[in-house]
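Structure first, commentary second.
Every read-out reported here was derived from the displayed coordinates using simple, explicitly stated rules and does not represent laboratory data. Because the structure is predicted, anything quoted here is derived from the model rather than measured. Quick reminder, even Gly has a Cβ in these numbers, built from the backbone with ideal geometry, and neighbours come from all protein chains shown.
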Amino acid sequence: MRHEAHSARDTTAWYNINADLPEPMAPVLHPATKQAITPDDLAPIFPRAVIEQEMSAEREIEIPEPVRQVYRQWRPSPLFRARRLERALDTPARIYYKYEGVSPAGSHKPNTAIPQAYYNQQEGVKRITTETGAGQWGSSLALAGSFFGLEIQVFMVRVSFDGKPYRRAYMEAFGARCIASPSDTTESGRAILAEHPDSSGSLGIAISEAVELAAQRDDTKYALGSVLNHVLLHQTVTGLECIRQMQMAEDYPDLVIGCTGGGSNFAGLAFPFLYEKLRDGLGTKFIAVEPSACPTLTKGAFAYDFGDTAHLTPLVKMYSLGSGFVPPGFHAGGLRYHGMAPQISHLTKLGLIAPRSYNQLECFDAGIRFAKAEGILPAPEANHAVRAAIHEAERCRENGESKAILFNLCGHGHFDMQAYIDYQAGKLQDLVYADSDIAMALAGLPSGC
Ligand SMILES: *Cc1c(COP(=O)(O)O)cnc(C)c1O
């Protein structure tokens with residue numbers, strides 16, 4: 001079903017799950033002192049409003065009117081019932097997807113890029129540095145920067161910089177500056193290049209470069225497109241809309257599914273439903289889907305770790321493969337991060353989120369089956385959610401169960417056609433990590449905290 005823009009009221013506040021955690025999260029630690037960080041510690045890299053949100057325990061946080069105005073360009077995003085897919089699978093399950101590909105950048109990322117740019121502009125910031133993996137975050141921040149008159153400098157993971165020239169062109173069209181990471185423009189980048197001149201880069205390295213630059217200049221801040229509490233908060237606009245849309249459909253999900261790179265699109269859809277589960281004692285299940293080649297939640301350790309490779313960021317307790325982990329260059333670039341959002345990690349540890357992983361080939365296969373039925377070609381990242389939804393729908397067919405399955409179709413794949421070309425040509429492989437490789441990466445986790 002299509003939820004028409006004119007028939008919906010605006011979502012006026014984001015939902016903050018910090019208000020409802022069954023147990024408190026472990027504190028964020030200063031990288032040098034290993035003491036709990038204070039707002040002042042974060043002030044060199046984030047605007048004050050963002051730091052407040054990062055630490056807030058208020059259940060509802062108002063969405064500023066200028067942000068709502070931009071959101072109205074594509075929000076509420078549509079919720080669809082995948083009836084043709086249901087028929088193709090011959091399943092009694094009811095499959096729904098919330099489609100975030102209708103944003104101008106083609107993914108859920110503008111949901112947080114817009115407010116982050118807005119808060120920076122309000123506090124007189126002139127320039128924002130950031131990293132991007134597949135390019136969706138850089139694209140989203142580039143367009144947000146042009147709306148709010150900010151200069152955007154993007155460190156793009158080398159493997160994507162070379163493989164996704166259209167993403168780079170897109171960012172540059174909006175006036176952003178795009179630099180391949182590791183680069184020789186920062187100390188963190190130069191240190192990596194000295195050791196690995198052919199480094200394909202990683203999000204962890206690109207974050208180090210972006211944070212280093214932001215910390216050096218008063219008029220420059222840094223923005224992150226996933227992982228942190230305030231990012232997950234901004235994404236909840238998706239789930240809040242979806243609760244009303246499911247009411248219009250007179251249904252309620254038994255399963256809520258999303259792919260997880262840093263955890264933000266999954267959290268955005270899941271947290272408002274998780275709130276209702278905790279509040280009303282519902283049986284809703286939440287499934288976080290990651291690639292087998294970067295198995296953070298399914299094979300990582302729940303431990304304090306750095307968010308970046310050069311260890312400039314605070315220490316957060318999360319599922320991690322170790323900040324030195326450089327995943328192979330598989331095609332779901334947005335899912336190649338070594339860590340996971342602390343909130344997602346915490347809820348997974350508490351048993352409220354069930355993680356699982358799939359291989360790349362079965363995800364592309366699922367994405368193409370979905371496209372043939374529904375007419376939308378998903379981003380390679382989103383294919384992981386599609387894979388899980390199809391898996392669950394097939395299980396319903398085998399067991400004769402009629403469940404309502406909801407997933408986040410967090411972006412379209414129109415910028416990722418090279419991945420589909422490679423898949424159709426039989427050039428992609430499943431990349432499986434030996435447990436010994438993972439053990440080695442985990443051995444690099446910081447000790448003494
Ligand atoms: C960035 C991105 C992801 C991964 O990030 P999350 O924070 O886990 O959502 C997944 N899908 C798409 C389309 C993305 O752009």
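About its Cα centre, the dipole of segment 58-178 is roughly 500 debye, where the only charges are +1 on Lys and Arg Cβ and -1 on Asp and Glu Cβ. Backbone phi angles across segment 222-237, fed through the Karplus curve with coefficients 6.51, -1.76 and 1.60 (θ = phi - 60°), yield HN-Hα couplings of 10, 10, 10, x, 7, 6, 7, 4, 5, 5, 4, 4, 4, 6, 5, 4 Hz in residue order; Gly and Pro are listed as x.
For SER181, nonlocal amide neighbours, meaning residues 5 or more places apart or on other chains whose placed amide H falls under 5 Å from its own, are MET156, VAL157, ARG158. In terms of other Cβ atoms within 10 Å, VAL50, VAL102 run from fewest to most in the order VAL102, VAL50.
Each residue of segment 405-421 was assigned a 3J(HN,Hα) from its phi angle through the Karplus curve 6.51 cos²θ - 1.76 cosθ + 1.60 (θ = phi - 60°); the sequence is 10, 10, 9, 8, 8, 7, x, 8, x, 5, 8, 10, 5, 4, 4, 5, 4 Hz, with glycine and proline shown as x.
For segment 75-88, backbone phi angles converted through the Karplus equation (6.51, -1.76, 1.60; θ = phi - 60°) give residue-by-residue couplings of 9, x, 6, x, 10, 10, 8, 8, 5, 5, 5, 4, 5, 4 Hz, Gly and Pro being listed as x. Annotation: peptides 344-357, 143-156, 29-42, ranked by per-residue average of other Cβ atoms within 10 Å with the highest first, follow the order 143-156, 344-357, 29-42. Peptides 285-298, 14-27 ordered by packing proxy, namely the average of other Cβ atoms within 10 Å per residue, highest first: 285-298, 14-27. Using 0.36 nm per residue and subtracting the Cα-Cα separation, the extra length available between GLU60 and ASP198 on full extension is 45.1 nm. With the simple model of a label 7 Å out from the Cα in the direction of the Cβ, ALA215 to GLN429 spans 3.8 nm.
Compared with the direct C-alpha span, the chain from ASP184 to ASP20 gains 54.6 nm at full extension, assuming 0.36 nm per residue. Springs between alpha-carbon pairs under 10 angstrom, Gaussian network model over the chain: which of GLN235, GLN121, GLN343 fluctuates most? Answer for the Gaussian network model of the chain: GLN121. Calculated FRET efficiency, ARG395 to ASP10, Cβ-Cβ distance, R0 = 30 Å: about 0.20 to the nearest 0.05. Taking the number of Cβ atoms within 10 Å of each Cβ as an exposure proxy, the fewest-first ranking of LYS372, LYS317, LYS98 is LYS372, LYS317, LYS98. When the charge dipole of segment 34-192 is built from unit charges on Cβ atoms (+1 for Lys and Arg, -1 for Asp and Glu) and taken about the Cα centre, the candidate among PRO92, VAL159, GLY175 whose Cα reaches farthest toward its positive end is PRO92. For ALA13, the shell of other residues with beta-carbons less than 15 Å away shows a net charge of -3, using +1 for Lys and Arg and -1 for Asp and Glu. A simple charge model with +1 on the Cβ of Lys and Arg, -1 on the Cβ of Asp and Glu and nothing else charged puts the dipole of segment 170-297 at about 260 debye relative to its Cα centre.
Only helices enter this figure: runs of n ≥ 4 DSSP H residues, each worth -39500 (n - 2.57), summed and divided by the residues of the chain, yield -12000 deg cm²/dmol at 222 nm to the nearest 500. Shape class for segment 318-437: oblate, because the ratio a/c of the largest to smallest gyration tensor axis (alpha-carbon atoms, square roots of eigenvalues) is 1.5 or more and b/c is at least a/b. Taking the simple approach of a point 7 Å from Cα along Cα-to-Cβ for both ASP422 and SER447, what is their distance in nm? Calculated label separation equals 3.8 nm. Enter the Cα centre distance for the pair segment 383-400 and segment 283-350, rounded to the nearest angstrom. When both Cα centres are located, 24 Å separates them.
Between GLN122 and GLU151, what is 0.36 nm times their sequence separation minus the Cα-Cα distance? Round to one decimal in nm.
Additional length available on full extension: 9.0 nm.
Counting beta carbons within 10 Å around each of VAL237, VAL67, VAL386 and listing the fewest first gives the order VAL67, VAL237, VAL386. Only beta bridges with both residues in the chain are counted; by DSSP, about 35 percent of them are antiparallel.
Charges were assigned to the Cβ only: +1 to each Lys and Arg, -1 to each Asp and Glu. The resulting dipole of segment 332-449 about its Cα centre is roughly 220 debye.
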